[in-house]
Amino acid sequence: MKNVNKEKWDEIYKIKKQKGSFNKYPTEHIVVFIAKNYYKASDRSAIKILEIGCGSGCTLTYLAKEGFDAYGVDHSEYAIEMSKEFLLINQCSAQVSVQCATVLPYADNFFHACVESNSIHCNTTEDIRLMMIEIHRVLRPGGKFFGIFVSDRSDEFGKGRMIDVSTFDFSNTTTFRGQFDGFPVIHFFSRDEILDLAGCFSSCKLELDITTIETGSHRSPLGYWLVELRK
Ligand SMILES: C[S@@+](CC[C@H](N)C(=O)[O-])C[C@H]1O[C@@H](n2cnc3c(N)ncnc32)[C@H](O)[C@@H]1O
């Protein structure tokens, strides 16, 4: 079956690659998570950390520079090419693969941690479920997941063409903020859905980070769940 999601990300990263338009900095929330949990490790090179949807490689580069054993998957070959280039520019290394995250090419219990930033929510309900099962499988007991998922409390929720109950196609949609305009697949998470997906993990910590644009009487909130799970 044609994967419109992968095709769109290929299109986006093909243009980014041509322009040399790298995302230079990792999300602050990921830096805080990594610092809090792994900076004190006596041997950082023994700590294996996987990033799902690594894009042009800013998080992988940060992880490698901090001395961790970094791995990344992305289903766009252009994104992976950019990740390799960004790692090279920064004179560090990580193991990267072109791979859809519904099937992870790693052994059970392999990683100490898995992180993602704005990637998992670019998928349907069904694929997200498969990804979370895979993430649980590749994490070692006690291993942690940190992700940033867009919330159903956002202004954009319910706009676009419905794909499934919480997933929308924004290919032909124009919104006030424009955050997801053009995305073929965007999934909005409720608190209950995350708790359900976290069912196989031993603990789940959730924080909701909402920013609101106010113009006159119009309010446009955009919410992200900061999801911390422990196997
Ligand atoms: C919004 S970008 C974020 C990129 C990166 N995490 C960052 O913060 O710069 C979303 C990324 O997730 C990747 N992605 C989306 N769904 C994926 C899937 N099912 N498997 C692998 N990668 C995926 C896309 O190709 C894209 O690189």
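Miscellaneous remarks
- Checked against the criteria, Asp192 counts as free of Cβ contacts under 8 Å to residues at least 60 places away in the same chain and under 18 Å from Thr125 (Cβ atoms).
- The strands (runs of 3 or more DSSP E) found wholly in the range 44-124 and carrying at least 1 residues that are of a type in the set (Gly, Ala, Ser) and modelled with pLDDT of 95 or more occupy 69-74, 95-98, 111-117.
- When His29, His75 are screened for being of a type outside the set (A, V, I, L, M) and in contact with a Lys or Arg (Cβ under 6 Å, 6 or more places away or on another chain), only His75 passes.
- Note on the range 141-224: enclosed strands (runs of 3 or more DSSP E) holding 3 or more residues that are among the polar types (S, T, N, Q) and more than 22 Å from Glu51 (Cα to Cα) are 203-215.
- Asp181 being out of contact with any strand residue (DSSP E or B) (no Cβ under 7 Å at 6 or more places or on another chain) and surrounded by fewer than 21 Cβ atoms within 10 Å (Cβ to Cβ): yes
- For the range 18-30, a residue qualifies if it is buried (at least 17 other Cβ atoms within 10 Å of the Cβ) and not in a loop (DSSP other than H, G, I, E, B), and the qualifying residues are His29, Ile30.
- Test result for Glu126, free of Cβ contacts under 8 Å to residues at least 40 places away in the same chain, over 21 Å from Thr59 (Cβ atoms) and either within 14 Å of the ligand (Cβ to nearest atom) or surrounded by 19 or more Cβ atoms within 10 Å (Cβ to Cβ) (or both): yes
- Residue among Ala107, Ala79, Ala113, Ala70 that is over 30 Å from Phe170 (Cβ atoms), in contact (Cβ under 8 Å) with a residue 24 or more places away in the chain and within 14 Å of the ligand (Cβ to nearest atom): Ala70
- Criterion: out of contact with any Gly (no Cβ under 8 Å at 6 or more places or on another chain) and over 30 Å from Ser190 (Cβ atoms) - qualifying residue of Glu126, Glu77: Glu77
- Entry remark, the range 31-43: residues being among the aromatic types (Phe, Trp, Tyr) and either assigned to a loop (DSSP other than H, G, I, E, B) or under 16 Å from the mean Cα position of the chain (by Cα) (or both) number 2 in total.
The values are calculated or read from the model by the stated rules, or taken from the named source; none is laboratory data. Computed from a prediction, not measured in an experiment: that's the story for all the values here. FYI the Cβ positions are ideal-geometry reconstructions off the backbone, even for glycines, and counts take in every protein chain you see.
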